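The values are calculated or read from the model by the stated rules, or taken from the named source; none is laboratory data. Just so it is clear, the model here is predicted, and its values are computed rather than measured. Virtual Cβ from ideal backbone geometry, glycine too; neighbours counted across all protein chains shown.
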Amino acid sequence: MNKAPTQKLKDADKLDWLRLIRSDNVGPITFYKLLERFGTAAAALAALPEMARKGGAKKTRIATLAAAEKEWAALEKIDAQLIARGEPAYPPLLAHIEDAPPLLSVLGLEHLLGKKAVAVVGARNASLNGQRFAEKISSDLGNAGLMVVSGMARGIDAAAHRGALATGTVAVVGGGIDVIYPKENASIYESIKEQGAIISEIALGTQPQARHFPRRNRLISGISRGVVVIEAGPRSGSLITARMALEQGREVFAVPGSAVDPRARGGNNLIRQGAILTESVDDVLEVLSQALRAPLEERKAIDFKGVSVKPPAPGELAKARTVIEKMLSPTPSLVDEVIRNCQLSPPVVSWVLLELELAGRLERHPGNKVSLIEPL
């Protein structure tokens, strides 16, 4: 079993990581693929413009060193930290997921990120009974030695944080860690900053947008051993968190509700689909007792030294680009099927897909699938 390194990244390397992840069309998966191919973020940054051009981009924005240094200084000004995947303070379970953020901004008590965690999520328009239950089960989870994770939204999230404040709670936010959202949670934000931790993969100062919340939800489930859902409508974001938890191999718990309350439909449907019916903290602790004793298997660790992978020959790549682009469509396709059908080597296919992604022409999907992005 590979173990993640426990060394701290040098400041200069961390600034390069920050520049790379803040550059156009570089998400976590692309970030790691670039590191695999070029060994260091600095080398990847140097290669990125040409790769994007060959993928069809007319221009691409590379985050500047000045911009990275400005974000770093702003974090220091509010006593926040920037933690890299593989560093000791990085949440251990989060490092297991395929698209773990290369960098996390952390405001508050960073040592809490190493605790075993359970997420508690649910409806924003929660009932008073739902909020009371969320506060009670979160308090009980904290007293049992677990850290409670939630998204600092109104309703269930806010109640979960309140219940776990005394034992430590982590809020994963959909914008920068310095942005209070919603405004009505300002007092909770200040309390978590002092007694817990606020984290985000999004740049400081960024206002939350709808597209940020699915990304945030994968972090809530990724940090946690299990996710408890309390009051969730059929289209609730909490159900997205539950789905991501299942994809990540986490346990899903759901609190049953009244058949006539639309806020209970999502949770009741989860129970029908096999989620663990939850009426008290004992239901959670009983299921997690085995999981909490055994760590999950680590994904491949990041090699901080890095060895650059030699790119395929230019002539080979030129022929491959045409073949692969014709094979792809807006409908997601398995990368393995692309490799089989185009009869090209995996390194060549991987390289061309990376070029297309850096050009903003390719989207990656769960299950190792990719699709072409149709031009607007």
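With the checklist (1) over 30 Å from G114 (Cβ atoms); (2) in contact (Cβ under 8 Å) with a residue 60 or more places away in the chain; (3) of a type in the set (D, E, K, R) in hand, flag the one item D13 doesn't pass.
Single failed check for D13: (1).
For segment 77-99, state whether one or more residues are outside the structural domain of A171 (by TED's automatic domain parsing), over 18 Å from L358 (Cα atoms) and either without any contact (Cβ under 8 Å) to a residue 12 or more places away in the chain or of a type in the set (S, T, Y) (or both). Spell out the reasoning first.
Keep residues of segment 77-99 that are outside the structural domain of A171 (by TED's automatic domain parsing), which gives 77-99.
Still in the running and over 18 Å from L358 (Cα atoms): 77-98.
From what is left, the residues that are either without any contact (Cβ under 8 Å) to a residue 12 or more places away in the chain or of a type in the set (S, T, Y) (or both) are 77, 90.
Yes: one or more hits.
Which ones in segment 1-23 are surrounded by 15 or more Cβ atoms within 10 Å (Cβ to Cβ) and modelled with pLDDT under 95?
Step one: filter segment 1-23 for residues surrounded by 15 or more Cβ atoms within 10 Å (Cβ to Cβ), giving 4-5, 8-9, 13-23.
Within segment 1-23, A4, P5, K8, L9 qualify.
For segment 126-151, which positions are surrounded by fewer than 24 Cβ atoms within 10 Å (Cβ to Cβ) and not in a helix (DSSP H, G or I)? Lay out the reasoning, then the answer.
From segment 126-151, those surrounded by fewer than 24 Cβ atoms within 10 Å (Cβ to Cβ) are 126-129, 131-132, 135-136, 139-140, 142-145; that's our starting set.
Within segment 126-151, A126, S127, A144, G145 meet the criteria.
Check whether at least one residue in segment 246-254 is surrounded by 15 or more Cβ atoms within 10 Å (Cβ to Cβ), touching a residue at least 40 places away in the same chain (Cβ under 8 Å) and either within 23 Å of G145 (Cα to Cα) or polar (S, T, N, Q) (or both), and report yes or no.
Yes - at least one qualifying residue is present in segment 246-254.
Do any strands (runs of 3 or more DSSP E) lying entirely in segment 195-291 carry at least 2 residues that are in contact with an Asp or Glu (Cβ under 8 Å, 6 or more places away or on another chain) and at pLDDT 95 or above, and which ones are they? Please lay out each step first, then the result.
Working: elements: 197-200, 226-230, 251-254.
Filter on segment 195-291 gives 226-230.
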